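The values are calculated or read from the model by the stated rules, or taken from the named source; none is laboratory data. Keep in mind it's a predicted model, so treat the numbers as computed, not measured. As a convention, Cβ positions derive from the backbone with ideal geometry for all residues, glycine included, and neighbour counts pool all protein chains shown. With ligands, DNA and RNA removed, areas are computed over all heavy atoms of the protein, side chains included. Shrake-Rupley method; radii C 1.70, N 1.55, O 1.52, S 1.80 Å.
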Amino acid sequence: MGKKKRNSYKFAGVKHSKKGKVSLALAILSLSAGIGMVAFSARSQGNATVYVGSAGLLSLALAAVSLLIGLSSLREESYKLFPVLGSICSVLVLAGWIAIYVLGFYV
């Protein structure tokens, strides 16, 4: 028989939050859509179509939903890695989208 480890820890029933994973995935999706739309707009020398602007608004809404899901997943009893990452990424992406739209009004 082997020796039992003295300081072995077992976290019974604690898993990663599904909402946290969804929040992080939506934030990454919104970020990648934003990068794609900015690249497309730069390639067309700032003369992008209305569809690109509509997709940008949709990505802004996606980032806001991702933030709400991330904040709600922080209340769950689970590991906090994905909820914290999802919330932080969502805040950064949402701030980036808001900055793009505010700059668009002044430029």
#### Entry: Subset of segment 80-106 [open to solvent by less than 80 Å² (accessible area, probe 1.4 Å) and more than 28 Å from Gly46 (Cβ to Cβ)]
Phe82, Pro83, Val84, Leu85, Gly86, Ser87
### Summary
Output for Cβ contacts, cut-off 6 Å, separation at least six or different chains, first residue in a helix (DSSP H, G or I) in segment 10-27, second among the β-branched types (Val, Ile, Thr) and modelled with pLDDT of 80 or more, reads Lys19/Ile69; Val22/Ile69; Ser23/Ile69; Ala27/Val93
### Flag for Ser17 being modelled with pLDDT of 85 or more and in contact with a helix residue (DSSP H, G or I) (Cβ under 6 Å, 6 or more places away or on another chain)
no
### Message
So, Leu62, is that one within 15 Å of Leu26 (Cβ to Cβ), buried (at least 16 other Cβ atoms within 10 Å of the Cβ) and free of Cβ contacts under 8 Å to residues at least 60 places away in the same chain or not?
### Response
yes
### Query
In this structure, is Leu71 open to solvent by 50 Å² or more (accessible area, probe 1.4 Å), touching a Pro at 6+ places or on another chain (Cβ under 9 Å) and either closer than 14 Å to Leu29 by Cβ or part of a helix (DSSP H, G or I) (or both)?
yes
### Query
Restricting attention to segment 44-59, which residues are surrounded by 14 or more Cβ atoms within 10 Å (Cβ to Cβ) and either touching a residue at least 40 places away in the same chain (Cβ under 8 Å) or on the phi > 0 side of the Ramachandran plot (or both)?
Gly56
